[in-house]
Amino acid sequence: MSIAALILAGGKATRFGGADKAFVSLHGRPLVEHVLERLRPQASPIAISANGSPARFAAYGLPVLADAPEFSACGPLAGVAAGLAWAQGAGAEWLLTMPVDTPFFPLTLAAALSPGPAVAVYAGRQHHLAALWPGAFRPGLEDFLRRDTKYKVRDALALCGARQVAFTTPRDPFANLNSPQDLTGFEGS
């Protein structure tokens, strides 16, 4: 089973004052490096979903995928759609997605979510973008995004038949760093 991975780094980071969240520092390194370090042993190849200049990620030597113009208003699902197209082109059957602001996810995530489709759950809360998506879902996702509807990730996961996989650890491994206050709370980790 071949698994590619996608770091979702396309958010606006409004709670960080519009800063590029991928480059917000945690323990002296950008968040994107923390996520990349945890993904590398789990999946290959890896790409980054981000709009704007791809040159800012040049140091990582990874493909940077922009949202397709027709899906530009569809939030993170636009990134998932671009990632599924890229993964299929790379010969991968599955796409593991992880938001750039979730640097503590398990090193066993890909294995735990396999076989997919599957999504991570912690303490009863589904972490929609910590998921393993089937490459074959690309046309279904694109059709979903073309509908005049609200683009909820949980609805797309249900559409592809994702099962929930519970993780039990003392601390939420899918905690998002959404603000400077969140970052301060994790600097001691």
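If you check Ala92 against the conditions, is it under 13 Å from Ile46 (Cα atoms) and either modelled with pLDDT under 95 or in contact with a strand residue (DSSP E or B) (Cβ under 8 Å, 6 or more places away or on another chain) (or both)?
yes
Would you pick out the residues in region 22-44 that are in contact with a Lys or Arg (Cβ under 9 Å, 6 or more places away or on another chain) and either at positive phi or touching a residue at least 24 places away in the same chain (Cβ under 8 Å) (or both)?
The answer is Ala22, Phe23, Leu31, Val32.
Given Val64, Val153, which one is touching a residue at least 60 places away in the same chain (Cβ under 8 Å) and among the aliphatic types (A, V, I, L, M)?
Val153
I'd like to check which helices (runs of 4 or more DSSP H) are fully inside region 86-183 and have at least 3 residues that are exposed (fewer than 13 other Cβ atoms within 10 Å of the Cβ) and not small (Gly, Ala, Ser).
It comes to 138-146.
Take region 102-138 and flag every residue that is among the hydroxyl-bearing types (Ser, Thr, Tyr) and touching a strand residue (DSSP E or B) at 6+ places or on another chain (Cβ under 8 Å).
Hits for region 102-138 are Thr102, Ser114, Tyr122.
Being within 22 Å of Leu39 (Cβ to Cβ) and of a type in the set (D, E, K, R) is the filter here, so list the residues in region 126-157 that pass it.
The one that is within 22 Å of Leu39 (Cβ to Cβ) and of a type in the set (D, E, K, R): Arg138.
Going by the conditions given, is Ala47 closer than 24 Å to Phe144 by Cβ, touching a residue at least 60 places away in the same chain (Cβ under 8 Å) and of a type in the set (Gly, Ala, Ser)?
Judged against the criteria, Ala47 is not a match.
Could you list, in sequence order, all residues of region 38-52 that are in a strand (DSSP E or B) and either out of contact with any strand residue (DSSP E or B) (no Cβ under 8 Å at 6 or more places or on another chain) or not hydrophobic (A, V, I, L, M, F, W, C) (or both)?
Answer for region 38-52, where residues must be in a strand (DSSP E or B) and either out of contact with any strand residue (DSSP E or B) (no Cβ under 8 Å at 6 or more places or on another chain) or not hydrophobic (A, V, I, L, M, F, W, C) (or both): just Ser49.
Looking at the structure I just gave you, is Asp143 more than 13 Å from Leu77 (Cα to Cα) and over 16 Å from the mean Cα position of the chain (by Cα)?
Criteria not met by Asp143.
Condition (residue is surrounded by 14 or more Cβ atoms within 10 Å (Cβ to Cβ), among the acidic types (Asp, Glu) and over 20 Å from Lys152 (Cα atoms)) applied to region 13-36: is it met by at least one residue?
The answer is yes, given that some residue of region 13-36 is surrounded by 14 or more Cβ atoms within 10 Å (Cβ to Cβ), among the acidic types (Asp, Glu) and over 20 Å from Lys152 (Cα atoms).
The values are calculated or read from the model by the stated rules, or taken from the named source; none is laboratory data. For clarity, every value in this text was computed on a predicted model and none was experimentally measured. Every residue, glycine as well, gets a Cβ built from its backbone with ideal geometry; the counts of neighbours run over all protein chains shown.
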